[in-house]
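The values are calculated or read from the model by the stated rules, or taken from the named source; none is laboratory data. Here the structure is a predicted model, which is why all the values come from computation and not from measurement. With ideal geometry, Cβ positions are generated from the backbone for all residues, glycine too; neighbour counts draw on all protein chains shown.
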Amino acid sequence: MVLHKLKGKALATSIACALALSMAPTYNAVAYAAEADSEQQQKTGETAKDADYAQTQEEYQLPTVTVEAPRPEWESKLSPGTVSIVRPEDFKGEQKTLPELLKRVPGVHIREVTGTGQYTVVSVRGSTAAQVGIFVDGVLTKLGGDAATDLSTIPVENVERIEIYRGYIPARFPGAWIGGVINIVTKKPQNTGFSLSQGMSSYGGYTGSLGVNAPLGGGSLFVGVNRDQSQGDFKYNFPGTDIYRHRLNNGYQNTDVLVKWQDENWQVKYAWKRNYRELPYNVLNENYDLPSYWGSKQPSKKLNTDQSDLLIGRRQTDGNLEWGWRLTYMDQDKNYKNPWGNNTIFAKWSHYQSQRFGGSLDGSFKAGDAHLLEFMANYSHERLDVDGAAMTSPSYAWVKDHYTQTLADIQLQDTITLNKKGDFWFTPSVHWNYSGGMGEAKSNYLWWVTAMQENADSKFTWQTALKKQLNEQTTLRATYGTYYRFPNLYELIGDGAFILPVPPSSTVAGAAGPEHGRQWDLGIQWHGETFKAKSDWALTYFGRHSYDMLELYRMGLTYMSYVNGGEGRVNGVELEGKLNWDRWDLDLSATYMQSKDLQRIKKMYYLYPNGNYGKSLENFAPKWEGLLRLTYRFPGERLSLFNEIRYVGETNVDDEVDWNTSYTTVGLGAKYKFSKDTRLTVGVNNMFNKVPYWKTLYTGTGYDPYYYYGTMKYPLAGRTYYATVQWDF
């Protein structure tokens, strides 16, 4: 990477617009269902998108074992909103992580907060990361002590598909999520056999996986073991210079195991993962990435996370009622160490241990020909215990070391057929959500922070959707809904040391309150033939109006607080499409999004009423973003070539003062089948080494305002090469 001021703005703008108007992700919301089901879906008036959702609970058959109960065909009507499907199997060998797969979906923006391979979060349609619900097999992943879900720690090697719900959220997912829901569905036991994959990549990267399927008892068993690691020592230029350095303290090692057994009705799943990572320093200090600066002492801050998940569930069908229940348990240990920490609270080490128990009951009932009811009741209770450096000191007796959080949800949805033809549907739903949290400390050293703080709240929200199938090719959709998100433990009570509740002396508010708002979208879907290709297209116009948005601000010299910062509005357009010829496949997506801050109260040591009114909302998402993938399969089906182009527009990160510049990446790869069982994949990502830079508006005394360009605090890796060999038996 070479530091430079941006040139050729007219050319860059033209390229950006062209890419954004013509690109979309590989797997879109109107993906076709299995060919064997397509004819039946046309008869029942279902869209291609609904057919793909129907596969979320489809019937799987083994030669001798049925591993999931048959699902009623009317269940495909349970998803009236915008849903995109991404299948990791279609990118096998390309060493794509969950964040990289999600970059293919319009309306979804990935933010690599601390650089490549490190802490990574997702925004949907301009939301914050905390407003997006991340689920694995329908179970919420985020714990109350987390600000947001770290996508870099979720493996995809054992994943069958990723469902991305934007706007309307089906009742099967607990919680009122303002941004949307991402549901990661793990692989189901299939035919007897095993698969093995080994891969290498730039910067000391390695990936390996082993999957085994086998009959067991009256069902079938799947075992998957995976390893992903990297030294992360890519080269970048130091800010403001032409000096190149290697990134230090940027490595990670991820190991995960999935054991899953199913029969016709029962499912038992155990998952274990260990995420070890070095925590990189920002590059603005000229010494942090110099080996000589650290001497013989280990320089790296380290975070080691062990997590175990257990799920037991049963599903069955009784006449027109299809229902099921499940029990879940999660145990997580986080251990942080910093050899360079001082003697203040948590500076040298900390330990966070979380346990969560949960249960849910859900189902669907076909009430005559005109009504399809879906219901869900969910409950979870979480306990978090905190320990760390200086916790035993009387000076820090006020730091909270024990937290609990209880969540409860009851949701009901009805899909109503409005006409005799059965091609016009109205879907209302109502959600009741409850959240209760408590934090305890040994004393109340700070006068406004009590030794025991307890908060509880509940709220009703609702959604509606209309869907009209005009003909076999075209479907119209419209949704509208309200949302209400309670603060999590991290936002509500803080960490007891650096993040505290707002003091009551503040002119704004005491404890952080819920976010709320409304969203809507209008969409059209079409599938048929375009340019002599089998095609799927979806165009959606969306909007969101949010109130009392939670943001983290510095309230004093030594601490920060979450406050309800103001009011914002986001509007945008999503385009996605897929074209398939005999030899060529073209997948494209584009997102245009405009945000506006309608009212904000800025707090940095003192108060600024309406400090950002009328400016762009600080949502860390660009106006323009798009992706194009082109694949060619040579005759004989042994060799295929693929090319990906991704554009990310300029992104505001601080009150229209700081930005990340726009950039375009180009990837190229090839896949070759040596035999039915053996395949080689090679490729290069970001072959022209394009990365975003940091851009800030400088308004120093005696100078006309100008922009300064430099390397980001946590730079991204540039060009990377990879190679993977796969065996399937």
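Some observations on this one:
- The set of residues from the stretch 137-164 being more than 11 Å from the chain's Cα centre (by Cα) and assigned to a strand (DSSP E or B) comprises 139, 140, 159, 160, 161.
- Residue that is nearest to residue 356 (Cα to Cα), among those in the stretch 401-422 that are surrounded by 16 or more Cβ atoms within 10 Å (Cβ to Cβ) and without any contact (Cβ under 8 Å) to a residue 60 or more places away in the chain: 404
- Residue under evaluation residue 299, criteria (1) under 27 Å from residue 149 (Cα atoms); (2) under 30 Å from the mean Cα position of the chain (by Cα), criterion not met: (2)
- Answer residue from the stretch 528-580, given it is surrounded by fewer than 21 Cβ atoms within 10 Å (Cβ to Cβ) and of a type in the set (Phe, Trp, Tyr) and is farthest from the chain's Cα centre (by Cα) among those: 531
- In a residue-by-residue description of the stretch 104-117, the property of being at pLDDT below 90, at negative phi and either among the charged types (D, E, K, R) or surrounded by 22 or more Cβ atoms within 10 Å (Cβ to Cβ) (or both) applies to at least one position.
- Among the numbered conditions (1) within 21 Å of residue 464 (Cα to Cα); (2) among the acidic types (Asp, Glu); (3) without any contact (Cβ under 8 Å) to a residue 60 or more places away in the chain, the only one that residue 387 does not meet is (1).
- The set of residues in the stretch 416-471 that are modelled with pLDDT under 90, farther than 25 Å from residue 376 by Cα and in a strand (DSSP E or B) comprises 438, 439, 440, 452, 453, 454.
- Scope the stretch 267-277; condition buried (at least 21 other Cβ atoms within 10 Å of the Cβ) and farther than 30 Å from residue 323 by Cβ; matching residues: 275, 277
- Only one of the numbered conditions (1) in a loop (DSSP other than H, G, I, E, B); (2) crowded, with 20+ Cβ neighbours inside 10 Å; (3) not aromatic (Phe, Trp, Tyr) is violated by residue 356, and that is (1).
- Selection within the stretch 252-262: residues that are surrounded by fewer than 20 Cβ atoms within 10 Å (Cβ to Cβ) and either touching a helix residue (DSSP H, G or I) at 6+ places or on another chain (Cβ under 6 Å) or of a type in the set (A, V, I, L, M) (or both). The member of this set that is nearest to residue 119 (Cα to Cα) is 257.
- Count of the stretch 361-370 residues which are under 33 Å from the mean Cα position of the chain (by Cα) and not aromatic (Phe, Trp, Tyr): 5
- Single match in 105, 122 (criterion: hydrophobic (A, V, I, L, M, F, W, C) and assigned to a loop (DSSP other than H, G, I, E, B)): 105
- Any chance residue 203 is assigned to a loop (DSSP other than H, G, I, E, B) and not aliphatic (A, V, I, L, M): yes
- For the stretch 355-370, the set of residues classified as aromatic (Phe, Trp, Tyr) and more than 30 Å from residue 146 (Cβ to Cβ) consists of 365 only.
- Members of the stretch 224-257 found to be touching a Phe, Trp or Tyr at 6+ places or on another chain (Cβ under 9 Å), assigned to a strand (DSSP E or B) and over 15 Å from residue 280 (Cα atoms), listed by number: 227, 228, 229, 237, 244, 254, 255, 256, 257
- Matching residues in the stretch 263-317 - criterion: being in a strand (DSSP E or B) and within 21 Å of residue 113 (Cβ to Cβ): 273, 275, 276, 277, 278, 279, 301, 302, 303, 304, 305, 307
- Of all residues in the stretch 689-729 being of a type in the set (D, E, K, R) and at pLDDT 85 or above, the one that is farthest from the chain's Cα centre (by Cα): 728
- Extreme residue, surrounded by the fewest Cβ atoms within 10 Å (Cβ to Cβ), among residues of the stretch 237-251 that are under 20 Å from residue 278 (Cβ atoms) and not basic (Lys, Arg): 246
- Restricting attention to the stretch 492-534, the residues that are among the basic types (Lys, Arg) and either modelled with pLDDT under 70 or in contact with a strand residue (DSSP E or B) (Cβ under 7 Å, 6 or more places away or on another chain) (or both) total 2.
- Qualifying residue in the stretch 346-357 (condition: out of contact with any Gly (no Cβ under 6 Å at 6 or more places or on another chain), closer than 24 Å to residue 441 by Cα, at pLDDT below 90 and aliphatic (A, V, I, L, M)): no
- Within the stretch 380-406, the set of residues being in a strand (DSSP E or B) and touching an Asp or Glu at 6+ places or on another chain (Cβ under 8 Å) comprises 385, 386, 387, 402, 403, 404, 405, 406.
- Members of the stretch 614-630 found to be outside any strand (DSSP E or B) and either at pLDDT below 90 or farther than 19 Å from residue 125 by Cβ (or both), listed by number: 614, 615, 616, 617, 618, 619, 620, 621
- Selection count where residues are crowded, with 19+ Cβ neighbours inside 10 Å and farther than 25 Å from residue 198 by Cβ, scope the stretch 224-236: 1
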